[in-house]
Amino acid sequence: MPSALPEKVNPWLLCRAGEMLAGTLLTERMDRLAAAVTSVADPVVVELQFERDQRGKSRVTGQCSVTVTMQCQRCLEPAAVPLLAVVCLQLVKDEADAGLLPDDVDPLFAEGDSELLLLADLIEDELLMSLPSVARHQDPVCHVPAGAEPAQVVTEADDDQNPFKVLMNLKRPRT
Ligand SMILES: [Zn+2]
């Protein structure tokens, strides 16, 4: 069994030491996540590598995953949605540092060298960003009564049918 993770961490110290944090975290204090979904199947499985890269930047990479229940927007029944958040963060002390980051790296703010971060906050942010904007069952288990909707239903009929629009959506990160 993976072990429980510490509540608070010093990210700068962990990066200097090149530590790997792997374990589980309960979502009991993740109120924003709880508000966004119907329920959460605890715990979150977390794997985070803290390190300094070749240029001396302090990075946090890895992933966290948990299954949540959301309302299926097609049949309105609860649907299990596995969340997988890929973490790619760089420690920064202020907005100016954050502005220098490449597009695919998000800032993790920790002002002082000894600042402690609540691990649950960090993980909750990442999970929230990985939530689908529209939750749906995989087709075979969706409870829409037969005949109520065609199999290849496109609920947002307008935009999604334009192939170019679909391509554009693929290139844009989902928010
Ligand atoms: Zn459904």
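Report whether or not C75 is closer than 30 Å to H137 by Cα and in a loop (DSSP other than H, G, I, E, B). Lay out the reasoning, then the answer.
Values: closer than 30 Å to H137 by Cα: yes; in a loop (DSSP other than H, G, I, E, B): yes.
So C75 fits the description; yes.
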Starting from segment 75-96, keep only residues that are more than 16 Å from the ligand (Cβ to nearest atom), then list their pairs with residues that are part of a loop (DSSP other than H, G, I, E, B) and not acidic (D, E) whose Cβ atoms are within a distance under 6 Å, requiring at least 6 positions of separation or different chains. L83/S130; A85/S130; C88/V105; Q90/K57; Q90/L101; Q90/V105; L91/A110
Test result for T61, part of a strand (DSSP E or B) and within 16 Å of the ligand (Cβ to nearest atom): no
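State all residues of segment 3-22 that are of a type outside the set (A, V, I, L, M) and more than 20 Å from the chain's Cα centre (by Cα); if no residue qualifies, say none. Can you show your working first?
Keep residues of segment 3-22 that are of a type outside the set (A, V, I, L, M), which gives 3, 6-8, 10-12, 15-16, 18-19.
Within segment 3-22, S3, N10, W12, C15, R16, G18, E19 qualify.
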Among (1) small (G, A, S); (2) surrounded by fewer than 19 Cβ atoms within 10 Å (Cβ to Cβ); (3) modelled with pLDDT of 95 or more; (4) closer than 15 Å to I123 by Cβ - the single one A4 does not satisfy: (3)
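The values are calculated or read from the model by the stated rules, or taken from the named source; none is laboratory data. None of the values given here were measured: they were computed from a predicted structure. Here the Cβ is made from the backbone with ideal geometry for all residues, glycine too, and neighbour counts use every protein chain on show.
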